[in-house]
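Take a look at the structure set out below.
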Amino acid sequence: MSPILSISNVSKTYSSGLQALKRVDLEINRGEIFALLGPNGAGKSTLINIVCGIVTPSTGKIVADGHDIQKDYRQARFKIALVPQELATDAFETVTTSVRLSRGLFGRPVEPALIEKVLRSLTLWEKRNDKIMTLSGGMKRRVMIAKALAHEPKILFLDEPTAGVDVELRKDMWNLVRQLRDEGVTIILTTHYIEEAEEMADRVGVISKGELILVEEKTALMQKLGKKQLTLQLQEPLNAVPPELADWNLELKGDGSVLEYTYDGKAERTGIPSLLRRMTDIGVAFKDLNTHQSSLEDIFVSLVSERK
Ligand SMILES: Nc1ncnc2c1ncn2[C@@H]1O[C@H](COP(=O)(O)OP(=O)(O)O)[C@@H](O)[C@H]1O
Ligand SMILES: [Mg+2]
């Protein structure tokens, strides 16, 4: 199936001279939840704002559901919705009016049944006649999502949807995102919470200093997460991993003085006792050992720090 969104060679240098994005290529599959993960300042909002036509790219091409966002802006923009990072709502309007106005901006006909459905799905129906300024922060965020959904977009961008949101609302938000995906909306969210990417995403992209440094299925990342490592400090350095130890997944490090064994931390048998016995048998002695479990956070931190 062709991707619903295709981003090619997109870069951005702001007028300050700051290069916020460096040649980003990314394809988003129809119906997936994609999490763009990266520390503050990595370029997440810049990328999203370019796709949504708020920031002009310095180079590159973006096609949204068959429409080039520069040549065919109106058609492309029609398919897209954005819930921006900052809360920005028309404080003096009621919930319903504000959502209806958003639909009107796209020139879509008034359709009360649709507005009702959107408001109900966001548990905003009871609040429909309230002025937005009287609502809690969490409810305001829901209003922003309702406004974004009012023109029936196919691609929904959520820029840090749960930053500064309490745990309850965060869980509601996750459920809502899944529900939207089940209704056929493709979702791209940015987050600097690793937990959120783990929880939500079908695929994860890691962005650091304007570069997209990894794009992977979440489950593949989780498998890496399940890996554990045993590090053995050897008495005498080795030139190579001895052939007698070929059955274990070993790597020689630190000028041959460290033997690193990577194993599946979730497996019933780790293979450690037999490895240590075999090493004793062939006379490879060690003076210290420790184990280490890699988390998505480790993977993330090491990926990001390699680029410094
Ligand atoms: N309008 C702008 N003018 C100049 N620099 C900007 C502008 N917007 C963002 N930046 C800079 O671009 C970099 C990426 O910012 P941003 O895309 O907001 O990152 P993120 O959303 O990942 O936190 C940051 O260094 C930020 O200061
Ligand atoms: Mg941002």
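The values are calculated or read from the model by the stated rules, or taken from the named source; none is laboratory data. For clarity, every value in this text was computed on a predicted model and none was experimentally measured. We place every Cβ from the backbone using ideal geometry, glycine too, and count neighbours over all the protein chains shown.
Please go through the range 185-231 and give me each residue that is at pLDDT 90 or above, surrounded by 17 or more Cβ atoms within 10 Å (Cβ to Cβ), away from ligand 1 (no atom under 14 Å from the Cβ) and not assigned by TED's automatic domain parsing to the domain that holds L289, ordered by number.
Those that are at pLDDT 90 or above, surrounded by 17 or more Cβ atoms within 10 Å (Cβ to Cβ), away from ligand 1 (no atom under 14 Å from the Cβ) and not assigned by TED's automatic domain parsing to the domain that holds L289: V185, T186, I187, A201, R203, V204.
In contact (Cβ under 8 Å) with a residue 24 or more places away in the chain and within 16 Å of ligand 2 (Cβ to nearest atom): is that true of V63 in this structure?
Details: in contact (Cβ under 8 Å) with a residue 24 or more places away in the chain: yes; within 16 Å of ligand 2 (Cβ to nearest atom): no.
The answer is no for V63.
Scanning the range 35-72 for residues that are surrounded by fewer than 18 Cβ atoms within 10 Å (Cβ to Cβ) and β-branched (V, I, T), which turns out nearest to L214 (Cα to Cα)?
So, considering only residues that are surrounded by fewer than 18 Cβ atoms within 10 Å (Cβ to Cβ) and β-branched (V, I, T), the one nearest to L214 (Cα to Cα) is T59.
Give the residues of the range 148-174 that are crowded, with 23+ Cβ neighbours inside 10 Å, in contact with a Ser or Thr (Cβ under 8 Å, 6 or more places away or on another chain) and within 20 Å of W125 (Cα to Cα), sorted by residue number.
Within the range 148-174, just A150 meets the criteria.
From the set of residues in the range 256-286 that are among the charged types (D, E, K, R) and under 37 Å from the mean Cα position of the chain (by Cα), which is modelled with the lowest pLDDT? Even if it seems obvious, please write down each step before you answer.
Taking the range 256-286 as the starting set, the residues that turn out to be among the charged types (D, E, K, R) are 260, 264, 266, 268-269, 277-278, 281.
Add one more test, that the residue is under 37 Å from the mean Cα position of the chain (by Cα), and what stays is 260, 264, 266, 268-269.
Details: E260: 94, D264: 81, K266: 70, E268: 80, R269: 86.
Selected residue: K266.
Here are some residues: E152, E244. Which one is touching a Lys or Arg at 6+ places or on another chain (Cβ under 8 Å) and under 30 Å from L289 (Cα atoms)?
On the way: E152 fails: under 30 Å from L289 (Cα atoms).
When all the criteria are applied, what remains is E244.
Which of the helices (runs of 4 or more DSSP H) found entirely inside the range 1-113 contain at least 3 residues meeting this: more than 13 Å from ligand 1 (Cβ to nearest atom)? Before you say what the answer is, go through the steps one by one.
On the way: elements: 44-51, 73-79, 95-105.
Hits in the range 1-113: 73-79, 95-105.
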